[in-house]
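A short worksheet on the structure shown next.
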2 protein chains.
Amino acid sequence: MIPTDPTELIEQARHGSRTALARLLTFVESGGANQLATAALAYRASAPYVLGVTGPPGAGKSTLTDQLINVVLERGSFGGVDAFDQVSVLCVDPSSPFTGGAILGDRIRMQGHATNEHVFIRSMATRGHLGGLSLAVPDAVRVLGAANFRLVLVETVGVGQMEVEIASAADTTIVVVNPGWGDAMQANKAGLLEVADIFVINKADRAGVSETRRDLDQMLDLGTVHEWRPPILETVATDGAGVAELWDAVVEHRSFIEGGPIAERRRARMHVELDKVLGAMVRTRIGALAHGDAYEEQITALLAGTTDPYRAAETLLDDA
Amino acid sequence: MIPTDPTELIEQARHGSRTALARLLTFVESGGANQLATAALAYRASAPYVLGVTGPPGAGKSTLTDQLINVVLERGSFGGVDAFDQVSVLCVDPSSPFTGGAILGDRIRMQGHATNEHVFIRSMATRGHLGGLSLAVPDAVRVLGAANFRLVLVETVGVGQMEVEIASAADTTIVVVNPGWGDAMQANKAGLLEVADIFVINKADRAGVSETRRDLDQMLDLGTVHEWRPPILETVATDGAGVAELWDAVVEHRSFIEGGPIAERRRARMHVELDKVLGAMVRTRIGALAHGDAYEEQITALLAGTTDPYRAAETLLDDA
């Protein structure tokens with residue numbers, strides 16, 4: 001029987017129960033007391049390495065992720081640092097109005113691994129988490145870490161602000177484009193450029209690869225100069241071409257950031273996350289403030305002209 | 001000499017000093033201690049009647065406002081209720097990146113009144129108010145009320161959410177459209193329908209008036225049934241045709257709401273305003289929270305795995 005207590009569930013998940021893990025992730029998505037209890041435990045375990053994969057719909061991210069999993073499991077370690085025999089994937093599509101917590105398409109595309117005990121794939125939905133997906137995903141990552149996954153791939157569909165934000169809350173972020181990618185990403189080129197640690201031109205067997213590479217190179221030349229210049233790799237995910245080299249680039253990036261920026265990077269990520277939680281919590285508190293007797297008293301005072309909105313707000317906040 | 005103390009400025013503004021009034025409105029736009037002191041005084045005076053005018057750019061709102069001022073000053077009273085010999089206009093264009101506090105175009109269009117001592121026209125900008133224009137405008141309205149204006153016209157340019165929100169924080173809201181208006185307002189038809197107390201088809205000497213009227217009527221038929229059905233008037237603002245009738249409709253709407261809904265309406269508006277101030281104030285407090293030692297301690301604890309973001313946020317909020 002599956003328990004409903006987060007402490008026991010984490011214990012079972014740590015020992016390999018996928019059912020326990022799935023329930024914990026549902027807690028994370030659903031918000032409320034179980035989510036808080038789950039987060040309290042999950043954040044005490046060490047964080048897994050997070051590999052973000054983003055890019056416009058149709059760029060071939062799922063197929064690429066699929067192939068990356070093959071390479072990772074074959075190598076059985078992460079650049080000689082961690083040995084591991086299991087990988088997890090969180091699929092996130094903020095624009096999808098699904099309700100069941102599953103992007104079926106992604107699962108089907110990853111069907112090579114659907115029954116593989118070394119691979120755990122989950123499509124994230126949000127059903128009540130106070131901060132939405134942008135908070136639920138980092139929580140889910142930590143739950144996977146607590147369940148002994150050392151590597152989590154976070155795949156987001158789309159190049160909107162939220163998608164990019166979620167994917168870039170990673171240790172290494174891969175941005176997947178296609179030959180002739182320009183139009184699909186025009187809207188958020190600068191945002192993608194800013195978050196990419198590695199660019200992949202997938203479907204590189206099609207025409208236009210060199211133009212796309214030139215385009216990316218020019219953008220990188222024009223952008224801020226960082227110590228790490230994102231490499232531009234080419235893959236054909238459908239037959240696996242270039243995927244081993246992509247993984248090598250991920251390993252190289254990991255050793256680069258672990259030589260320095262990783263602490264800073266994780267600290268910055270914690271800032272972002274804590275600020276989001278603070279914001280969400282405060283909105284909840286304001287919501288509660290705005291429904292009490294004290295609030296109605298202030299409204300009455302405002303209508304009577306005995307206070308002003310700033311003093312009224314101060315009073316409510318100080319008494320809260 | 002113009003004082004800098006809000007109490008004295010309000011006193012001077014009440015006795016007709018436009019320079020004092022202008023300075024108070026600059027306080028409101030600029031935020032800070034003077035804004036708080038100004039609001040504290042202004043909200044203690046009785047609120048003026050607010051007439052909102054909104055619609056897409058180019059609909060002829062400024063010309064219409066100009067003509068309305070003529071009618072109002074000619075009549076010298078508001079439906080026999082208030083007698084007054086001065087009118088004020090706040091021009092708001094949230095999308096305009098102006099910095100000097102003036103939309104020159106509006107002033108020029110209203111030049112018939114630019115030197116009229118019975119008319120006070122101000123283009124609102126926000127230079128630091130913690131809640132932006134959507135809070136600065138209601139504050140400015142109250143300042144005008146404290147300066148003995150019994151009628152304030154708030155004209156917003158555009159049909160975006162903020163423009164409509166600002167214009168609809170009025171006792172009577174006029175939505176100005178043109179023949180063949182459909183495309184210009186498609187994006188926010190429902191929003192406009194919801195806030196309109198009176199529809200005006202301006203430039204009614206052009207083709208397409210009856211189609212536009214039919215279109216509006218159909219929308220009203222499909223919408224929620226309220227006790228007040230917004231009348232649809234026709235004007236040609238450039239020559240003043242229909243403007244007296246528009247003012248009559250405003251008077252009629254005033255007497256309708258003063259027969260009942262006005263208290264409820266103003267209470268609802270106070271709710272909106274207080275919630276905005278609460279939100280803005282809390283964001284300021286979070287901003288302060290996010291730069292203190294306590295915050296950095298929580299970040300360090302998060303990185304060490306001795307807390308989670310939810311507990312950390314609770315701690316910071318409870319200690320704030």
Residue that is least open to solvent (accessible area, probe 1.4 Å), among those in the range A:230-245 that are over 22 Å from the mean Cα position of the chain (by Cα), under 26 Å from A:Ile257 (Cα atoms) and not aliphatic (A, V, I, L, M): A:Thr235
Qualifying positions in the range B:138-152 - farther than 20 Å from B:Arg267 by Cα and in contact with a helix residue (DSSP H, G or I) (Cβ under 6 Å, 6 or more places away or on another chain): B:Ala147, B:Asn148
Residues satisfying the stated conditions in the range A:78-90, i.e. open to solvent by less than 30 Å² (accessible area, probe 1.4 Å) and either at pLDDT below 90 or among the small types (Gly, Ala, Ser) (or both): A:Phe78, A:Phe84, A:Ser88
The range B:303-315, residues that are within 19 Å of A:Arg283 (Cβ to Cβ), open to solvent by 10 Å² or more (accessible area, probe 1.4 Å) and not basic (Lys, Arg): B:Glu314, B:Thr315
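Let's see how each residue does on (1) of a type in the set (Val, Ile, Thr); (2) at pLDDT below 85:
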position	(1), (2)
B:Glu273	no, no
B:Val277	yes, no
B:Ile286	yes, yes
B:Asp293	no, no
B:Gln298	no, no
B:Ala301	no, no
B:Gly305	no, no
B:Ala312	no, no
Some residue of the range B:251-259 being within 11 Å of chain A (Cβ to nearest Cβ), within 28 Å of the chain's Cα centre (by Cα), basic (Lys, Arg) and surrounded by 15 or more Cβ atoms within 10 Å (Cβ to Cβ): no
Failed condition for B:Asp318, given (1) modelled with pLDDT under 85; (2) within 7 Å of chain A (Cβ to nearest Cβ): (2)
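What residue, among those in the range A:1-34 that are part of a loop (DSSP other than H, G, I, E, B) and within 22 Å of A:Val92 (Cβ to Cβ), is least open to solvent (accessible area, probe 1.4 Å)? Full working, then the answer.
Pass one, the range A:1-34, residues part of a loop (DSSP other than H, G, I, E, B): A:1-5, A:15-17, A:31-32.
In the following step, the residues that additionally are within 22 Å of A:Val92 (Cβ to Cβ) were identified as A:31-32.
Working: A:Gly31: 14, A:Gly32: 45 Å².
Selected residue: A:Gly31.
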Given (1) part of a loop (DSSP other than H, G, I, E, B); (2) of a type outside the set (Gly, Ala, Ser); (3) over 26 Å from A:Gln161 (Cα atoms), number of the condition A:Thr38 does not satisfy: (1)
Test set (1) in contact (Cβ under 8 Å) with a residue 40 or more places away in the chain; (2) on the phi > 0 side of the Ramachandran plot; (3) not polar (S, T, N, Q) - B:Val71 fails condition number: (2)
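Filtering the range B:264-287 down to residues that are buried (at least 19 other Cβ atoms within 10 Å of the Cβ) and facing another protein chain (nearest Cβ under 7 Å), which residue is farthest from A:His291 (Cα to Cα)? If you could, list the steps in order and put the result at the bottom.
Kept after step one, since they are buried (at least 19 other Cβ atoms within 10 Å of the Cβ), are these residues of the range B:264-287: B:269-270, B:273-274, B:276-278, B:280-282, B:286.
After this cut, where a residue has to be facing another protein chain (nearest Cβ under 7 Å) as well, the list is B:270, B:273-274, B:277-278, B:281-282, B:286.
Values: B:Met270: 14, B:Glu273: 15, B:Leu274: 12, B:Val277: 15, B:Leu278: 13, B:Met281: 18, B:Val282: 17, B:Ile286: 22 Å.
Residue satisfying both the conditions and the ranking: B:Ile286.
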Filter result for A:Thr65 (surrounded by fewer than 21 Cβ atoms within 10 Å (Cβ to Cβ) and either within 18 Å of the chain's Cα centre (by Cα) or of a type outside the set (Gly, Ala, Ser) (or both)): no
Unmet criterion (only one of (1) in contact with a helix residue (DSSP H, G or I) (Cβ under 6 Å, 6 or more places away or on another chain); (2) closer than 20 Å to A:Val119 by Cα; (3) of a type outside the set (Phe, Trp, Tyr)) for A:Gln35: (2)
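What are the residues in the range A:288-302 that are crowded, with 16+ Cβ neighbours inside 10 Å and at the interface with another protein chain (Cβ under 9 Å from one of its Cβ atoms), if any?
Of the range A:288-302, the ones crowded, with 16+ Cβ neighbours inside 10 Å are A:289-290, A:295, A:298-299, A:301-302.
Those that are crowded, with 16+ Cβ neighbours inside 10 Å and at the interface with another protein chain (Cβ under 9 Å from one of its Cβ atoms): A:Leu289, A:Ala290, A:Tyr295, A:Gln298, A:Ile299, A:Leu302.
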B:Ala42 vs. criteria closer than 18 Å to B:Ala136 by Cβ and not polar (S, T, N, Q): yes
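What residue, among those in the range A:35-46 that are crowded, with 22+ Cβ neighbours inside 10 Å and touching a Lys or Arg at 6+ places or on another chain (Cβ under 8 Å), is nearest to A:Val87 (Cα to Cα)? Full working, then the answer.
Of all residues in the range A:35-46, those crowded, with 22+ Cβ neighbours inside 10 Å come to A:35, A:38-39, A:42-43.
Those left that are additionally touching a Lys or Arg at 6+ places or on another chain (Cβ under 8 Å): A:39, A:42-43.
Values: A:Ala39: 21, A:Ala42: 17, A:Tyr43: 19 Å.
Ranking the qualifying residues of the range A:35-46, first place goes to A:Ala42.
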Residue in the range B:218-247 that is nearest to B:Val53 (Cα to Cα), counting only those that are in a helix (DSSP H, G or I) and not aliphatic (A, V, I, L, M): B:Trp247
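Check A:Thr284, A:Thr235 and return the single one that is within 30 Å of B:Thr315 (Cα to Cα) and polar (S, T, N, Q). I'd like the intermediate steps shown before the answer.
Numbers: A:Thr235 fails: within 30 Å of B:Thr315 (Cα to Cα).
Matching residue, one of A:Thr284, A:Thr235: A:Thr284.
The values are calculated or read from the model by the stated rules, or taken from the named source; none is laboratory data. Just so it is clear, the structure is predicted and the values come from calculations on it, not from any experiment. Here the Cβ is made from the backbone with ideal geometry for all residues, glycine too, and neighbour counts use every protein chain on show. The area values use the complete protein model at the heavy-atom level, side chains included, leaving out ligands, DNA and RNA. Shrake-Rupley method; radii C 1.70, N 1.55, O 1.52, S 1.80 Å.
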